[in-house]
Every structure is written in structure tokens, then in C-alpha cells.
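Comments concern the structure below.
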Amino acid sequence: MPIFRDREYLRVELEKSQDESLWMQCKACGELVFKRRVRENNNICPNCGEYFFLTAPERIESLIDEGTFVDISQPIVAGDPLGFVDSKPYPERIEAVQERTGLPSAILIATAEMDEMAVLMAVMDFRFVGGSMGSVVGEQMCYGMEQAMERGIPFILISSSGGARIQEGMYSLMQMAKTAAVRERLAARHVPFISVMAYPTTGGVQASIASLGDIIIAERGALIGFAGRRVIRDTTGEDLPANFQTDTFAFERGFIDRVVNRENLRGELIHVVRFFQRAEKRD
């Protein structure tokens, strides 16, 4: 699977993520909406305000300055340490999802600019095995943080993940510790780390790197938690609050710093990056 490096790649991937049908049905309100209008509205239903999933290329497109995207993802692919087979062997599953999404893994690592300020972005894509963090995703994240240190620019992680990738067993769980260790080096170098939790940010990703940002922002409507609601209820035998694992629940309990509507996320990130930039100049 080739790794593409330029803006043309982003344009092609955006086109591939948009099929030829002109209309789509909102699962929340049931209305048929014009697909182009949804895209122009940050993938938000213009009738009821429900959010649709954003692919990694779409997410990047919505946040960065035009023409500044450069993919620096490493040309690595997942191994099969367990010889894992469910309905198909793990290598075949990876090849199928690569073909379907056009992505080499569940994360894109890119340099870009936001309001003419250089940033390094790591953006997860839920379409790729649920955005799960296996050895490749962990290695790409660590590479992204190392590049942010080398270039002296803020690191922005946008999470959309079901957690660790079970097909890789302990190799997947090890990424929690590995990414946290590199994040510690990022802090020692005083490189800003901004974490954005999108729907969903759960499992091992939420329990490790996604919760370690200097600033943690949740996109409105994000699902934030470790185990599933049913698992927790059955294990503890307790009823859970109606808003459990929502953005509001996490904010009220201090797990995140801010909840931001999708259409305001670019502006919020620019504000935070500029804050860190000014703080650095004062120092």
C-alpha cells in the first residue's frame, strides 16, 4: 500500500469517500438530505444537526489551511503475531480494509498549517478496523510525536477509536505504554500536545494517549469511556446516569477541558495553538 505525500492525495481520498449518489438519509431524523450540502456543513445534518462520521482525509480538510497538507506517515503495515483468524485471516482483513478505505492504516500523520501556524496532526479513521490501535498505529503516533519534537511544532491528535486491536493481543496493549512514554518526552521538550476526542474515543486509546493532552477537547457528541456501558453495568450491578460517557459527563467531572461544536473546532484549535505560541515567546 503506497504512502502518498501531497495535497493531491488528500483530494483523491476525499473523492473516494464520496460515492456517486446525490442523496443520503439521516439516521437521526430520517430525512433525505443532499449529500453535497451535508459535506459543506462539516458532515452535519442540515435538518436536525446530527453528526455524520468524518474520515481522516475529511477531518484534515476541515481543519487545515488549503494546500498545506503533507502526509509523513511511515510505510509500515501490521504483522500477524497471533496468526489470528475470525471470519477471515487477519492479513486478509487488513488488505480488504486498505482497499476499501484507501488508507494504509487507521491513522494519518501529516504536517500542515492552521492560520499559517505549523502543526503536526495525527488523525484516526474509524473505518479502519474501528480505528483500533495496533502496533502500526502506536508506532505512527510515536513517530508523529518525535517529528513534532524535532520540528518544534504542536502535536494534535484527533481520536476516533474503539480501543486496542484484539487481533494483535499484547502487542496492541503495549502501545498504551509506548505512546505514553513518548508523550512524556514530548512534555520534557515543552512541545504542546492538544488531544481532540471525537466519536468514539474509548478503550485503550482513551485510557492512554488520548487522555494525556496538555489541552483535551471533545467534539460535541463524542462518546468517551473505557469499557462499554453494558459491561460496566453488569459488572458493578449499578444503574448508570443517563448521560454516562457523554461529552457533558466527561466535562462536568474534569476529564476534558472543553466541548466544541464541529463547525467551531478549527477556530478553537487555532486559538489554542496561538496561545502556546505566545506563551513560548514570553518564555
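Across the range 77-112, the number of residues qualifying as within 22 Å of the chain's Cα centre (by Cα) and either outside the structural domain of Glu146 (by TED's automatic domain parsing) or farther than 17 Å from Glu139 by Cβ (or both) comes to 10.
Filtering the range 136-181 down to residues that are small (Gly, Ala, Ser) and surrounded by fewer than 20 Cβ atoms within 10 Å (Cβ to Cβ), which residue is farthest from Gly228 (Cα to Cα)? So the residue we want is Gly152.
Among the conditions (1) more than 15 Å from the chain's Cα centre (by Cα); (2) without any contact (Cβ under 8 Å) to a residue 40 or more places away in the chain, Ile224 misses just one, which is (1).
Can you find, within the range 77-112, the residue that is farthest from Ile166 (Cα to Cα) among those that are of a type in the set (A, V, I, L, M, F, W, C) and in a loop (DSSP other than H, G, I, E, B)?
Kept after step one, since they are of a type in the set (A, V, I, L, M, F, W, C), are these residues of the range 77-112: 77-78, 82, 84-85, 94, 96-97, 103, 106-110, 112.
Now restrict to residues that are in a loop (DSSP other than H, G, I, E, B): 77-78, 82, 84, 103, 106.
Details: Val77: 16, Ala78: 13, Leu82: 10, Phe84: 9, Leu103: 20, Ala106: 14 Å.
The qualifying residue farthest from Ile166 (Cα to Cα) is Leu103.
Reported count of residues in the range 151-167, each being part of a helix (DSSP H, G or I) and under 13 Å from Gly130 (Cβ atoms), is 2.
Listed conditions (1) in contact with a Ser or Thr (Cβ under 9 Å, 6 or more places away or on another chain); (2) under 22 Å from Gly169 (Cα atoms); (3) of a type in the set (A, V, I, L, M) are all met by Val97, apart from (1).
Among the conditions (1) over 28 Å from Glu150 (Cα atoms); (2) surrounded by fewer than 21 Cβ atoms within 10 Å (Cβ to Cβ); (3) at pLDDT 90 or above, the only one that Gln74 does not satisfy is (1).
The values are calculated or read from the model by the stated rules, or taken from the named source; none is laboratory data. From a predicted model like this one, the values you see are computed outputs, not experimental measurements. Heads up, the Cβs are rebuilt from the backbone with ideal geometry, glycines too, and the neighbour counts pull from every protein chain shown.
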